[in-house]
1. Quick one: how many residues across the range 71-115 are assigned to a strand (DSSP E or B) and either within 15 Å of the chain's Cα centre (by Cα) or at pLDDT below 90 (or both)?
2. Report the residue count in the range 123-147 for those that are among the β-branched types (Val, Ile, Thr) and over 23 Å from Ile80 (Cα atoms).
3. Can we say Ser62 is among the hydroxyl-bearing types (Ser, Thr, Tyr), part of a strand (DSSP E or B) and at pLDDT 50 or above?
4. Has the range 143-162 got at least one residue that is among the charged types (D, E, K, R) and at pLDDT 90 or above?
5. Go through the range 178-197 and give me each residue that's of a type outside the set (A, V, I, L, M), modelled with pLDDT under 75 and part of a helix (DSSP H, G or I).
Amino acid sequence: MDIINKMKKIKVLLAILGILTFGKFVLAQGLPLTAKNLKVVDEKAKVGDIVSQTEKGLVRSSVPYDKNIIGVVGENPIMIFNKPTTTTLPIIIWGETLVRVNNENGQIKKGDYITSSNKPGVGQKATEPGLVIGRATEDLRENEGLITALINIQYMNPEAESSPPNDIIGKIISGLGKTRNIPKWLRYTFALLVGAGSFIIGFFSLVKALREGITGISRNPLARKSIITAMVFNLIGILILTMAGLGLSLFVILYI
């Protein structure tokens, strides 16, 4: 029985070590790409192109500040949903990836917002309020080409970035007052509550389980092995529930 219990402990430790190692590897690769395999009817769409939803299906975006932007055609995303077929392409919806852009609306610098343009699939610098695909993480050093950008599709007002500090609160209140922004704020608030609640509950449950386990061992040393085993399973259950809560909050932000 001692050997079996030791083997169980070793397996648990190896599993935890594996999770930590994988997480460290993912973070070392930069921001993880999240994508969906989606059917694209535009046969000319390629890696880096911005795509939008139309009545015909997914095609390269060709309208400035297109309200129907879905994402960017990517390559080798870390997290991908839906099974690939001969007519699908991995569409990046969040993460750092290559985006095809030009300088027709101004030279793109690191930190600038990027939106769609008149040229199919090609992005441009966003200089007015509208839907953007994200922000450039490097400068564009030619008239047109591929640059890395952090994809995070949202409605944005680039002019607000240069607003004086005393005007920021007013703009936030004004933004909250706009009907179209209410669902977004509710979604983010719900995700924050779920994520924070999961973390707090998991933390206190972990502390409680450890305290009760130590107390149980001190009161009944003969049952030490069974108490430790129960503690290990409790800790694993708490970890799973906490990660599920954090995963749900991420799902709400990205997909709802």
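1. Looking only at the range 71-115, we keep the residues that are assigned to a strand (DSSP E or B), and these are 71-73, 79-81, 88-102, 113-115.
Cutting the leftovers down to either within 15 Å of the chain's Cα centre (by Cα) or at pLDDT below 90 (or both) gives us 71-72, 79-81, 91-97.
Matching residues across the range 71-115 total 12.
2. Total satisfying the criteria: 1.
3. No; evaluated as a whole, the condition is false for this residue.
4. To start, the set of residues in the range 143-162 that are among the charged types (D, E, K, R) comprises 144, 159, 161.
Those still in the list that are at pLDDT 90 or above too: 144.
There is at least one residue in the range 143-162 that is among the charged types (D, E, K, R) and at pLDDT 90 or above.
5. Matches in the range 178-197: Thr179, Arg180, Asn181, Pro183, Lys184, Trp185, Arg187, Tyr188, Phe190, Gly195.
The values are calculated or read from the model by the stated rules, or taken from the named source; none is laboratory data. As the structure is a prediction and not an experimental result, all values here were calculated from the model.
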